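Below is one structure; the comments refer to it alone.
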Amino acid sequence: MAASLPTSRCSLRVKWSVFDIGWAALAPYLALAIRDAYILSADGIQTVAIYWLITFIFSLFAFAAFRLRDGITNYFSVHDAVEIAKAVFVAELSRRSGSTSSTSATPRCGSTCASSS
C-alpha cells in the first residue's frame, strides 16, 4: 500500500514575486542593450519580441522549477550580495583586459594560409 503525500505536497503551487517577474521581463532587453545589439534597431523589432517572449517564458519556468521563491531570502545576506558584486566586477575587468590584448597581425588560419597560395 502506497503512503499518501502530505497535504503540503499534494498540489503544485507556483509562487513568483513581483520582483522576479520584473527581472524576468527586463533581463532579455537589458542583455541586448548592454551588448549594443544591432537587433535593437527598427528592423529587428519582431525578432526582439520573439526573443523576449521565449526568454521570459523560460525564465518563469526556471523560477518555478528551481523554486527560487522558497527560502532564498532566509539564507542570503547583504554580505553575500557584496561578495557576488565584487566577483562580477573582477570577472568583467579580467574579461575586458583579456579581449584587448589578444589582437594580433597574424592570420587566423596559420600555416594553411601560406600553403594554399
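Could you check the spin-label model distance between Phe89 and Phe19? Points 7 Å from the Cα along Cα→Cβ, value in nm.
A separation of 2.1 nm, rounded to one decimal place.
How would region 15-95 be classified by its alpha-carbon gyration tensor: rounded, prolate or oblate, with rounded meaning a/c under 1.5 and the a/b versus b/c comparison settling the rest?
Oblate.
Please report the relative contact order for region 15-95, taking Cα pairs under 8 Å with a sequence separation of at least 6, and give it as a percent rounded to a whole number.
So the answer I get is 35 percent.
Coordinate-derived values only; no laboratory data. Values in this document were obtained by computation on a predicted structure and should not be read as measured data. FYI the Cβ positions are ideal-geometry reconstructions off the backbone, even for glycines, and counts take in every protein chain you see.
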